[in-house]
1. Being in a loop (DSSP other than H, G, I, E, B) and buried (at least 21 other Cβ atoms within 10 Å of the Cβ): is that true of Phe98 here?
2. So which residues in region 164-214 are at pLDDT below 95, among the charged types (D, E, K, R) and under 15 Å from the mean Cα position of the chain (by Cα)?
3. Starting from region 194-214, keep only residues that are charged (D, E, K, R), then list their pairs with residues that are surrounded by fewer than 17 Cβ atoms within 10 Å (Cβ to Cβ) whose Cβ atoms are within a distance under 7 Å, requiring at least 6 positions of separation or different chains.
4. Going through Ile122, Ile65 one at a time, which residue ends up being part of a helix (DSSP H, G or I) and in contact with a helix residue (DSSP H, G or I) (Cβ under 7 Å, 6 or more places away or on another chain)?
5. Could you figure out which of (1) assigned to a helix (DSSP H, G or I); (2) in contact with a helix residue (DSSP H, G or I) (Cβ under 7 Å, 6 or more places away or on another chain); (3) under 30 Å from Glu16 (Cβ atoms) isn't true of Leu50?
6. Return the residue satisfying two criteria in turn: it lies in region 40-67 and is modelled with pLDDT under 95 and hydroxyl-bearing (Ser, Thr, Tyr), and of such residues it is farthest from Ile24 (Cα to Cα).
7. Restricting the first residue to region 138-154 and requiring it to be within 9 Å of Ala103 (Cβ to Cβ), which pairs with a second residue that is of a type in the set (Phe, Trp, Tyr) and at pLDDT 95 or above meet a Cβ separation below 7 Å and a spacing of at least six or different chains?
8. Tally up the residues in region 26-40 that are of a type outside the set (Val, Ile, Thr), in contact with a Ser or Thr (Cβ under 8 Å, 6 or more places away or on another chain) and either more than 20 Å from Asp161 (Cα to Cα) or in a strand (DSSP E or B) (or both), please.
Amino acid sequence: MKTIKLNTVKPNIFSESDVSGSEIWCKNICFEKENTYLIFSESGKGKSSLFDFIYCRRNDYSGEILFDKKNAKKFNSSQKKELRTNHVSLVFQGFRLFSELTAIENVEIKNRLTNHKTKKQIEEMFEKLDISVKKNTPLSLLSFGQKQRVAIIRSLCQPFDFLLLDEAFSHLDETNYSIACNLIADEVKNQNAALLVASLGEPYKFKYNHKILL
């Protein structure tokens with residue numbers, strides 16, 4: 001997949017709202033591979049909704065989203081699964097992890113679907129993000145910052161053309177924040193992928209080709 005195009009997309013929840021100040025809503029915009037995008041706005045402008053639309057979790061919007069000219073609203077369940085398994089990965093703001101499983105089990109569930117990383121590579125990511133000692137701990141016993149690191153590792157255990165980060169570093173200390181950014185940047189480069197970062201304004205430690213106001 002090379003492009004994701006949004007043609008006059010507007011969330012239904014904003015149907016009566018003025019979004020003329022947005023550079024995305026009700027505009028024509030194209031996200032392309034091998035580019036890095038910062039999408040910034042105040043809270044409540046639809047950053048998570050945008051990523052949910054691109055991830056095909058929701059379709060409560062007007063306009064159209066095209067994946068290499070294929071309309072997302074026409075995707076069946078198998079096409080959506082293919083999209084999420086091989087083309088688009090997302091770090092959810094709310095993590096969306098399984099609290100009854102351990103940290104490593106949450107990652108292995110994704111990796112069993114994709115066979116993208118070896119056991120050694122996964123363990124190395126846990127080491128780099130300083131949660132190796134917590135890998136066999138139930139997720140419910142981890143801190144928010146530890147959960148966020150598990151969610152980041154999980155997102156990298158698949159092939160992708162586009163990686164979406166929805167305020168993915170809000171609970172990380174400076175050291176782990178820097179390590180996570182470097183880990184993500186390396187994986188994006190290795191896969192010749194695009195990176196889309198949603199933020200309240202913090203640019204994070206990435207080099208952007210485009211900065212877009214939502």
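The values are calculated or read from the model by the stated rules, or taken from the named source; none is laboratory data. These figures come from a predicted structure and were not determined experimentally. When we count neighbours, we look across all protein chains shown, and the Cβ atoms used for this are built from the backbone with ideal geometry, even at glycine.
1. Criteria not met by Phe98.
2. The answer is Glu167, and nothing else.
3. Lys205/Ser178
4. Result of the check over Ile122, Ile65: Ile122.
5. Failed condition: (2).
6. Ser43
7. These pairs meet every condition: Leu139/Phe98; Ile153/Phe126.
8. Selection size over region 26-40: 8.
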